[in-house]
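Comments concern the structure below.
Coordinate-derived values only; no laboratory data. Here the structure is a predicted model, which is why all the values come from computation and not from measurement. Neighbour counts are summed over all protein chains in view; Cβ atoms, including those assigned to glycine, are modelled from backbone coordinates with ideal geometry.
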Amino acid sequence: MEFHSSHIPPLLRKVLDGSASLSETNVLVRHAHHFALMRLKQLIASGRLHLQSFPLTIESTAIDCIAELFERDSDGVFIELEHFFSVEHDLDLLTDDDVTALFRSLVFTKLHDGIFTLYRENDPVLSKILRNMKIALRQSTTLRVEQYLGMAMVVYASDEDRMHLPAHSIETVEQCFAKSLRGVKHITQYLAAFEHLISTSLDSRNMFSLIDLCVCIKRHIMNHQIPLNDALSMEGLLFDQDAVTLVESALKHIRKDLYQRYVAKKKLNEEEFTGYMNAIDHMIRDTFLHSDGSEKNYGEYLQHHLPEISYTEYREYHRKQFEYMVKLSKKAVRERLRELL
């Protein structure tokens, strides 16, 4: 299929006014997927994203990250598109070029939000560092977080225009930490070292990717065997305590909802449901609360709580249903955790 930006404005207008056919809606989705896929390939080629850490292909990563853009409410309204082009921007006042640029920007934003989610769900250590970095940046008077091409960037406040200059490499930031932070353990000291680097490097941009900064901190912590909690701020530790409460609440509510969907409708018996939910509870806690990560796959979690199930039986009879329940549970937990960040 040929992708041309001129197709987007009329398609988007038809989708938002409810006159688009299913095939026209699917074409708009494919345009969004194309933007996301191209951006992912750029990030991988530049060494700023390593999808081998995730159990997903680049194509499925792209569509998973932007899927929420095309979720509808009970009336069939595309919630996020409607909000973006009606509340945040007035579609009727935009030129076609503006519509295309904003649509691309929205896709990039959702993509990078999705990448953050992938890191959070597949790398709990990095997730904790990221949360603490956001807290530390809120308290900074010279550094702030801004969106640039949909990516969260740490920006140093400066009157100089340095956007035309080359960006710092991950290696440069890692070398900075290795040189100036031997034995240092606190997140604020990492941020101070980074601020000194970016404020004095007048031949480079005054911004750096937030996720890359957190990756550099994680590598330094691991290389120097610094206990993770020693690097976290008190606010971050309090965040974790609040996160436990919210995760517990989300799990309680999703268990009731899934019981009605599966046991009440006789899709699962009580024993199977209990095993499923115990496995989901275990997985959710590893994913969102523990800092040591886990290499278990979905089937191993379920087999731990229902040991009589063989791998073949899991693949043939349990996988589709169990993994859908996991997806619903993770979504419920993410929505609760948004209350904190």
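Structure notes:
- The mean sequence separation of alpha-carbon pairs under 8 Å and at least six residues apart, normalised by the residue count of the stretch 5-122, gives a relative contact order of 32 percent.
- Dimensionless Rg ratio for the stretch 5-122, taking C-alpha atoms and the 2.2 N^0.38 Å reference: 1.09
- For the stretch 131-143, putting each phi into the Karplus relation 6.51 cos²θ - 1.76 cosθ + 1.60 with θ = phi - 60° gives couplings of 4, 5, 5, 4, 5, 5, 5, 4, 8, 7, 9, 10, 10 Hz, in residue order, rounded to whole numbers and with x for Gly and Pro.
- Estimated FRET transfer efficiency (Tyr148, Lys265; beta-carbon r; R0 56 Å; 0.05): 0.75
- Largest-first principal axis extents of the Cα set of the chain (Å): 66, 53, 32
- Computed [θ] at 222 nm, helices only, for the chain once each DSSP H run of length n ≥ 4 contributes -39500 (n - 2.57): -19500 deg cm²/dmol
- Sparse packing (at most 11 other Cβ atoms within 10 Å of the Cβ) combined with a DSSP loop state is found for the following GluC sites (Glu not before Pro) in the stretch 62-148: Glu71.
- Every Cα-Cα pair of the stretch 134-213 was included, and the share exceeding 14 Å stands at 61 percent.
- Subset of Lys265/Lys327; Lys252/Lys331; Lys266/Lys327; Lys41/Lys179; Lys267/Lys331; Lys256/Lys331 violating a 23 Å alpha-carbon distance limit: Lys41/Lys179
- Computed extension length for Leu165-Thr188: 5.6 nm, one decimal, from 0.36 nm per residue of separation with the Cα-Cα distance subtracted.
- Placing +1 on each Lys and Arg Cβ and -1 on each Asp and Glu Cβ, with no other charges, gives the stretch 125-231 a dipole about its Cα centre of roughly 520 debye.
- For the stretch 168-212, the set of trypsin sites (Lys or Arg not before Pro) satisfying both a DSSP loop assignment and a count of at most 16 other C-beta atoms within 10 Å is given as Arg182, Lys185.
- Dividing the mean sequence gap of close Cα pairs (under 8 Å, 6+ apart) by how many residues the chain holds gives a relative contact order of 14 percent.
- For the chain, a simple Cβ point-charge model (Lys and Arg +1, Asp and Glu -1, everything else neutral) yields a dipole of about 740 debye relative to the Cα centre.
- Paramagnetic reach from Glu88 in the stretch 133-162 [backbone N under 17 Å; point 7 Å along Cα→Cβ]: 145-153
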